[in-house]
Structure formats: C-alpha cells, structure tokens
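A quick write-up on the structure given underneath.
The values are calculated or read from the model by the stated rules, or taken from the named source; none is laboratory data. Because the structure is a prediction, the values reported are computed rather than measured. No Cβ is skipped: glycine too gets one built from the backbone with ideal geometry, and neighbour counts run over all protein chains shown. Ligands, DNA and RNA are stripped out before the accessible areas are found, and what is left, the full protein with its side chains, is counted by its heavy atoms. Shrake-Rupley method; radii C 1.70, N 1.55, O 1.52, S 1.80 Å.
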Amino acid sequence: MELFDSTPPKEQRTHRPLAERVRPSKLSDFVGQAHLLGPGKLLRQMADSGRLHSLILWGPPGSGKTTLAQILARAAGAHAIHFSAVSSGVKELKKVIEEAERLHRLGQPTVLFVDEIHHFNKAQQDTFLPHVERGTLILIGATTENPSFELIPPLLSRCQVVVLNPLSPDEIGAIIDRALHDPQSGLDGSKVGLAPEGREFLIQQSQGDARVALNALETAVALVEQERGGKKIALSHLEDALQKKPLLYDKAGEEHYNVISAFIKSLRDSDPDAALYWLMRMVEAGEDPLFIARRMIILAAEDIGNADPQALQVAVAAKEAVHFVGLPEGRIPLAQATVYLATAPKSNASYKAMLAAAADVREKGSLAVPLHLRNAPTSLMEELGYGEGYKYAHNFPGHIVDQEHLPEALRGKKYYVPSDSGYEKKIQERLRDWEERKKTKKP
C-alpha cells in the first residue's frame, strides 16, 4: 500500500485517530529529534537536498519514526510504499521489488518503509540486500529494538543507523497543545479545555511517547463530551483514559537488556535499594522470575565468589524457591536473595582466575600433563613413567605437599589471587601459610 495517501474527505478525516490526523507532513511542523533535524544535521540535509539514503530509524514508540519516513520520502519525490514486517512476508516483498525495478528503469526512486523491521528473520532480511546494494530500493526500516541484536550485519552495513530519542516533556506538551488547538485536524472543534494539572499528568504518563499522549487526549475529550455541559478535561478524565500504563519493558528487546544490566550493576556495587527497584521493575513488567534468578546465580559466582561462599547457595535457593512457589509469592525469596547479594562482600578473584587460565589454554594449546600426575592403569604406562614420583597429600603432615601440578611451560604460574574481602581473606591467609610450610618443610 502507499506510504501516504491523498488527503481524505473531511467526513473521513473525522473518523481517523487523532494521532494520525495531526501527523506532520513537513519538517517545519515536526516536534523533537533536534539532533537529527537541526541546521546541518543528517536528516535535515537529506530532506533539503532530496537525496535520500537507506536508513534504520531506531527509537522508542511514539518518537516519530513513521512520520520522519513519510516526510523524507516526500522530500525525495519517491514512490513510497509502507510495508509491515508483522503482517507481510517475502511473497508480498517480491511484488514490491518487481514494481521498484520497473520504476528504477524509468528513473523514479522507490522508498520502502518497513515498520518493525526487527520482526523479519535473517533469511527475510537477506531479500533486501541486492536491491538496496543496487539502489533499486531506498530502505527505511523502523525498529524499537537494538539493530545490533535484530538485524543482520550485511544489512546494517548498507544502511545508516539513526537513533531517535524519547520526546522530552516540553516536546510532548507542544504536541498536546497543537492537537488541542488545531482547527483543521485537531480537537479545536470540540472547544474542550485541558486543566493544567491534567496536562502535566498526561505529559508525565506518556513517558516520551507522542502516540500515548494523543490517544489518551482523544479518549479524555470523548469522556468530557459525554457529560452534559462538560468543557474541561480534568485529571480524573485522563486517569480513566490512561488506566494503568504498561511499564516500558520489552522482554525480547533493548529495555530488557538495559534493566537487567542496571539490576546486576546495582548488586555488584552493593546498592540494595537500587537492586530492589530494578528487581521489581522486571517482576512487575512480567519478566520470567527464573531468568532473574539465573542472573543472580551468575553474579554470586562472578562478583562475590569466595568472599562469601554462601552467596551462591542463597542464589540457587532463591531459584528453587521461586520455581517451587511461583508468583506472586516468589517475589519474596527473590527480594531476600537480592538484598543478601547486594550486601555481601565482593570479590571477582575466582572469575579473573578463570579468565587467566582460559587465556593460557587458548594461547598455549594442549600442554602435556606432567608424568607424575598421570594415572597408570596398565604396566606399559608404568614403564613409561606415568604416575612416577607422585606424592599423595594424605601421607604428608597437614596434607600439604610440595609438588608441581601445572605443565612445565606454566610452572609457578598463579591464577587465583584472593582478595582481602570477607571469607576470601581467610583463604588468602591459608594459602600463605601453606606456601610458608612448603618453604620451611615444617608440618
């Protein structure tokens, strides 16, 4: 279908959603994204020159991705097609490409706007590549997800990734005011006013999403008009219109990674209050509690380690508890474990030792196991010296034995260096004592 149709008759316009009716058709009316549309900025230059390149518009809902695509396509004088990655597939795409190739031969560019392009799988995304490469299509893809995770590298390399920001409170306020007072497409005909406290509430609840603000405003106006003599949108109307706004959290997308990152960093930095906040952000948004518990188990081993060996037990117990009792009660052991991990002494010594040992394995390959450490289940192996000279620790005082256990090329290498934190300080003292015993040969 066409990306933008001719202006519908007035009686049809009144039945279109407010967000669609007041959608800007030129950059001078566009609100927000000054870092892209200011003088000399990337999209401003494209619009002014009419020379459009393939783009991936990455930004949160209601930040203006579709509107920008429409404006840029008009500026380029291109044949523009709106294609939904949710409802369309490769079959429909091939028809679009055939038409684009025909127009390309006639010298007319085709802009293909793919909404929610992250819903295309990698094989479907491959379909774009040769046509974007040859310039048959100018691709504008819109996504709320991080393109690094959702789009194939060859497609990313052929498109300019443009990051859109959530709209600021002032920008949302400007959009609300314009919609209220626009006599052509807005709500000016209703002559309904907006109370200041209602305006502030609407701005705050929209969380930078213009579509949320406009849809709630339109619903609130309808509620007022149902009241006899109602001429003012009150806070109560907007509360009814908005109901409970879902938390911004996509379990498969960018915000998923942002929130879990904030949770883990809060635990690592020993901030129980912040950790509890991010925990409940995830739980309230419907995150899988077992996913949270798994990440806590990893943190317990990586960032607490032997500074508090019980931390890993607590994390595993929390996983078992939430799996056993489910939600909502499962929040309680998750919260208990969160506080425990946040307030536990921290050490990543075991984690660093693992990385160092892994680096030697990769760099030096499969070094030979020292003969004295090898088993000798056959007489031939005994003749070859397998196990010869091995010292059995339990035959020595204190179960301490002075012998090399690393390959010859790594003799004396130290990977694990315990910290001074928590229980690991005792491990540090124990290792020092053992080293001293080995040097002096004393029991």
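Listed values, structure above:
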read-out: Checklist (1) assigned to a helix (DSSP H, G or I); (2) within 30 Å of residue 267 (Cβ to Cβ) applied to residue 347, failing item; value: (1)
read-out: Tally of residues being assigned to a helix (DSSP H, G or I), open to solvent by less than 50 Å² (accessible area, probe 1.4 Å) and either hydroxyl-bearing (Ser, Thr, Tyr) or farther than 21 Å from residue 426 by Cβ (or both) across the range 284-314; value: 8
read-out: Hits in the range 403-434 - residues which are open to solvent by 50 Å² or more (accessible area, probe 1.4 Å) and β-branched (Val, Ile, Thr); value: 417
read-out: Flag for residue 394 being open to solvent by 70 Å² or more (accessible area, probe 1.4 Å) and on the phi > 0 side of the Ramachandran plot; value: no
read-out: Qualifying residues in the range 241-276 (those that are surrounded by 15 or more Cβ atoms within 10 Å (Cβ to Cβ) and among the aromatic types (Phe, Trp, Tyr)) - the one modelled with the lowest pLDDT; value: 249
read-out: Where a residue in the range 350-370 is part of a helix (DSSP H, G or I) and its partner, wherever it lies, is open to solvent by 60 Å² or more (accessible area, probe 1.4 Å), with Cβ under 7 Å and at least six apart; value: 350/416; 353/416; 364/409
read-out: Considering residues of the range 343-376 that are of a type in the set (Ser, Thr, Tyr) and closer than 30 Å to residue 272 by Cβ only, the residue least open to solvent (accessible area, probe 1.4 Å); value: 347
read-out: So residue 382, is it open to solvent by 60 Å² or more (accessible area, probe 1.4 Å), more than 24 Å from residue 430 (Cα to Cα) and touching a residue at least 40 places away in the same chain (Cβ under 8 Å); value: no
read-out: Looking only at the range 146-198, and only at residues there that are part of a loop (DSSP other than H, G, I, E, B) and free of Cβ contacts under 8 Å to residues at least 40 places away in the same chain, the one that is surrounded by the most Cβ atoms within 10 Å (Cβ to Cβ); value: 152
